[in-house]
Each structure stands twice: as structure tokens, then as C-alpha cells.
1. Hey, got a sec? Which trypsin sites (Lys or Arg not before Pro) in segment 244-312 land in a DSSP loop and have at most 13 other Cβ atoms within 10 Å?
2. Compute the signed sum of charges (Lys and Arg +1, Asp and Glu -1) over the other residues within less than 10 Å, Cβ to Cβ, of residue 191.
3. Among 135, 535, 361, flag the residue with its Cα farthest along the positive direction of the charge dipole of the chain, charges on Cβ as +1 for Lys/Arg and -1 for Asp/Glu.
4. For segment 1-41 and segment 428-492, what is the separation of their C-alpha centers, rounded to whole Å?
5. Using +1 on the beta carbon of Lys and Arg, -1 on that of Asp and Glu, and nothing else charged, what's the dipole of segment 415-551 about the Cα centre, debye to 20?
6. For the chain, build the charge dipole from Cβ charges (+1 Lys, Arg; -1 Asp, Glu) around the Cα centre, then report which of 42, 321, 604 sits farthest towards its positive end.
7. Local charge sum around residue 617 (other residues, Cβ-Cβ under 13 Å, Lys/Arg +1, Asp/Glu -1)?
8. Is the C-alpha gyration tensor of the chain telling us rounded, prolate or oblate? Criteria: a/c under 1.5 is rounded; beyond that, a/b larger than b/c is prolate, otherwise oblate.
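Nothing in this text is a laboratory measurement; each read-out follows from the coordinates by a stated rule. This is a predicted model, so every value here is computed, not measured. Note that each Cβ is placed from the backbone with ideal geometry, even for glycine, and that neighbours are counted across all protein chains shown.
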Amino acid sequence: MTDLLQPKAIGQDHARRDGPSKVSGTAPYANEAPVDNPAYCHLIQADVARGRVTATDAAEAEATPGVLAVLTPRNVERLASTEDKELAVLQTDEVAFRGQIVGLVIAETPEVARQAAGLVSFTYAEQPHDVTLSADRDDLYKPDTVNPSFATDTSTGDVDAAMQAADVTVTQTYSTAMYHNNPMEPHATTALWNDGDLVLWDSTQGVHSVRSTVAKVLGLAKEQVRVICPYVGGGFGSKGMPHAHVIAAAMGARALPGRAVKLALTRQQMFSLVGYRTPTIQRVRLAAAKDGRLSAIALDVVEQTSRIKEFAEQTAVAARMMYAAAHRATSHRLAALDVPVPSWMRAPGECPGMFGPEVAMDELAERLGIDPVELRIRNEPERDPESGNPFSSRNLVTCLRDGAERFGWADRDPRPGARRDGGWLVGTGVASSVYPASRMPKSDATVRFEDGRYVAEIGAADLGTGTWTTLALIAADALGVPADEVDVRIGDTEQPFASVAGGSSGTSTWGTAIVEAARAFRDKFGQDPQDGDEAQGQVPEYRASERYALYAFGAQFAEVRVHADTGEIRVPRLAGVFAAGRVVNPRTARSQLIGGMTMGMSMALHENSVLDPATGHVVNHDFAEYHIATCADAANIEAYWVDEHDPHVNPMGSKGIGEIGIVGTAAAIANAAYHATGVRVRDLPVTLDKLLPGLD
Ligand code: MOS
């Protein structure tokens, strides 16, 4: 049990503190770092998917007025650590995927750098490449663990026997597409060396993690690297760890003593250099009795990684704990392909991994003749099926019932294709959401009294999520003062250590450190501090996860309309109800949740990175062809939450909400599309070509 804060500022609606500086364009982003006379770097990328660079001709580029340097594997510095092959920029002639960095040009202007990059010619010894994921490859392998450190496979009881014995079963294969993180702000790094020390202005989800990774690759002490990032225009996981361009910027600046170097990726470059969500192939098996109670749940996943670095998405982990079933099995198998390195994208694991099982639940509900909301309620576990621990709080049933009520589920005709409105077939669907309520083991904070105001300092990140505001509310309640007496300083390694903004753990972790610092401050200085008084706090040892299963839950309801003649798909309504502990700032929380749901709708209907097997190239690598939901697609998206008291998660009683909004959305929409049309689409995205053949 944690000593919970008395919420006064927490729970009240607060405008973003960074709002005015953002809308007026004065909030500085990484590419706007305040440096004198910067040079500009442009990356050159391999245009073969596998092979070796045998010759490089940079003469024309080097002769271009304004070009300061052209770096290739032939003339570049050796890095101190090349253990992480993604970050071993220009350390080898080998090309492991199309789009890999093979050179960089630094020039007086970004335009000249980009033009000259096109003038460097490379000769390749090409080798046959393989970029095709399938479940029947004979080289699939079992990773040691899946992200970040879950068991790869689990098995309890006997799924095969349960499938044999069951009244009703579902055995189906589902697939999700390859998806790319596309934050509004492209990745950017400004690098400046001073007497062997490095300053980076980097668009990142964690300044301290960039610092430690970059220091290791460049062979520096951590203290020699300062990373600054007050504002981020989104990341969705793609800025959760430094990618190759960060190292490239540092190398580029080191080649030009005294000059700062700015490197901004183009939108196209982001499709090969900053991670993406692996496509997944999911074999789901469900076994149930006539009353709907599950006896078996199994999920076997096949997905891809790159040849040079493993990333194993934990797609099957949610199936391990979601519903009660005595017999359970999960597995992950990987194909190592000649593709860019996959990585984190909003709710890695849960997001793709709740698609197959939540559509399978819909298929099971139909076979049983049980309402899909009711089927989920009937399979509510008493305890976490996997660990046997109690849930610290679990309000999935409340979310399902509350959502059904708000959405108007009660009068739903269960027959698919039964509702028609003019030329439109109308259906509704439901799916559950889940995301772990995590807290990182380490973060530190300082609370200081300065010029008559309180200042909370921690090297945290605000991805656009509202950290600048939420941390002030937490500090205010921990100090027992109004929020407008508290300033927050974040986004700099000069500040106390902060964990990365990942796994929806930021507010939980940093907030805990701030509460500790505020309590220490009050213990030390009482209610009437002097200027300069200061106290530190750190996240205390946290044992709750050994005794409790800690998760946020949700239920999402979708209405889908499919045009009977054209197959055009619209989502006029999407409603989500979430149980995520205490909500710190309703305004930014709602924004996070509807943002996640919008991204889930985008995943369901629009997004799809098309990897050309002939070239290894994501051919739709821009916003013209990689379709993302627009305002016109997001008609009526509502997020609600239920009151939830959880004294085990952290002193705020809050659970992370950055990711749960995208979990389950795609299944709710696919289920609604089926209900509208009677056509079951099991591979995302749900596009009209998949529906049309089944429409009369
Ligand atoms: Mo999030 S994908 O854990 O940054």
C-alpha cells in the first residue's frame, strides 16, 4: 500500500502549460537548437537491400560549393562500440537493409547537403535479399525473450485436449500489417562538440537514455554528454531509444571541429531508420463450453526482425492474462530478414496482440449465440491467470457495462448484415483494452524553493502528452500548495535522472520521484521555506509487482458503416471507457486516450507499410501514400473513464494512459465491419477490396 496523495490539483482540468509557446511557435525543437553558424547534415541511404559497397565516388559532391565534408565508411572515425549494429554508423561496407546509412554530407545549408548527397555514387556487390514474412518459413527461430524481457513461450494445462473436449472452438489465423511511427516532428538532432565533450539537442523520449547510449558508442564518459530536449512533437516509441541518425549527427560534428551540425530526417528517411511495428501472423485457438466459459486460449505468433539486430515484439503477452481459461499456451517465432530494425510503436505487444484474440472472441460469441460483451464478462478471471496474483485493481467489467450503456448496445440485433440505412450497411462491435500499469525502477527529482516559488526538476520528457502540466499538479499536491505556485523543469541531462517516456510509465515513475522529493522537502524545511532550500527524492524500491498484477483496462465500442455498392468504410462513432486509476489531468488524459483510439482506427482502416519484395523498399514511404486517419475520418471519438481507486500503483493512484487507447480499437472496428456486412476480415487493414467480394 502506498500513502496516496490528497488530490486537489490532480483530477482538475488544467490547460497545457506549454500551449502558448507551442501555438506561437516559440517552443524550441531539436532542429531549432540555439547554436551559432550551424552546418547541416544529410544522410545517404543504401538503395540495395543486401550487399556490399565496393566503390564510392564522392568527387562531384566534394567539389560542390558549400559542401564541407562527405563521410563514408572509407574516411569516417572508428566508433568505440559497434556492439549495437543499428548504431554502428558507417563502420562496415556491408548493407543489411535498404535505407541503411552509407554516407553523409555536411554542408553550409540543408539544401546543398541534400543535393550533394545525391551526387555521391556507390557501387554495390548486390546479394539476393529476403524480406518476405510468412508462417511457413523453415528458418523461424525462438528468441530468448520478447520485449522487454518476457518469456518467449508459455504453456499451462493441455490446450489440445481442451480443444478436443470443448463444446465450441475457434481456430483462426489473423494478421496485422507493418506500421510506421509517424510523429508530427520528424527525428532531428543538433550536435556540438566542446573540448571533447558533446552537447546534443535531440528529439527524444528520454534524454538520460540517449546520453548513456551515445556515450557508450562514442567511447565517452556519461558526464561528457549533455542531452537537451524540452519539447517533442510526438514519438510513439520511435524516439524511445536513439537511432542511427543521432550517432551520425555526433560523428558529423566531430568531423568539423568548432561547428554545430544539424541533422533532420526527412519523412521518407523515417521509414527505414527509426523503427516500426513488425507485421504479425497470429494463430488463435479458443475452446469454450456452451455457457461461454473458456477452457482454452492459445496464441502463436510469427513476426519479423532484422538480420543485424533483434527486436522481438511481445505480441502474445496480453493473451496470457486477459481471460480466465485453465488451459493456455502462447509462443513467439521470428524471421530475421533483410529489413530495417523493428522497434517500439505505441503499445508494442498489446496493440497487435489484442487484434487476433479479440476478433476470435467475437467469432466465438457468434457461434455460441452469446452477446460479445456478455462473453467477455463471463470470462473475467478472479486472479491473474498467469501469475496467480490478485489484480491491484481490475475494472474491465465496469468498462464493458458502462461502455455498452453509453453506446446504446442493448438494442443491438446480433445478426450480421441486418441493419441498413439507405446504401449503407451498419454494424457495431466491441473489444477489450489492456495495458500494464508500469513504473520504472529508477528516477530522481529535486524540489527547490526559488524566488518565492517551488520548482520541481527532473530530466523527464514531454512528448506532447502533457508532462509539463501533470508533473506540476503532482508536485503541488505533494507540497500542499496550489498548482500555480509550482514550476517544472524537464528535458535536460543536467537535471536529475529520469527514466524514458515509454511503456506508459512516465507520469507514474517521475511523479513518484517528485512526490518523494516534495515529502523530503517538507520534512526538512516545513511549511515556510527559505530561498535556496532544496531536497531530493528518488523512486523507492517497488515490490507491488511481485504481489499484484498491475494493469489498466478498457472497453471500446465502434460503429461502422460500409457502403453496399462501393465497400467504402466509415467509422461514425467510437467510444472507449477506461479504468486507469486516478486521472491526473482530465484534459490531457482525454487527449491521450482519443489520440490512441484515433491511431487504432488508423491502424484498422488506413495504415499499411507496403514492403516491395523485389527491392526491400517500403514503397509508400510518405504521407501521400502511407495513409493516416485525418480529421475527416475521426467523426465522433469519445473517451470516458470510471472511478478507480488503486493504492498499489504509485502515490498518485494513477495508471499510464499513453498506450491503452490504441489497444483493442482495430478489433472493435473489424468486429463492427463484420456485423455490418457479414464479411469477416482477419488481416489488417480492413479495406474495401477485402469486403467487396462478400457484399451482394
Ligand atoms: Mo512507447 S511505444 O513504450 O514509447
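1. Loop-located and lightly packed - 290.
2. Once all neighbours under 10 Å are counted, the net charge is +2.
3. Farthest towards the positive end: 361.
4. So the two Cα centres are separated by 11 Å.
5. About 1240 debye.
6. Of the candidates, 321 comes out farthest on the positive side.
7. With Lys, Arg at +1 and Asp, Glu at -1, the net is -3.
8. Oblate shape, in that a/c is at least 1.5 and b/c is the bigger or equal ratio.
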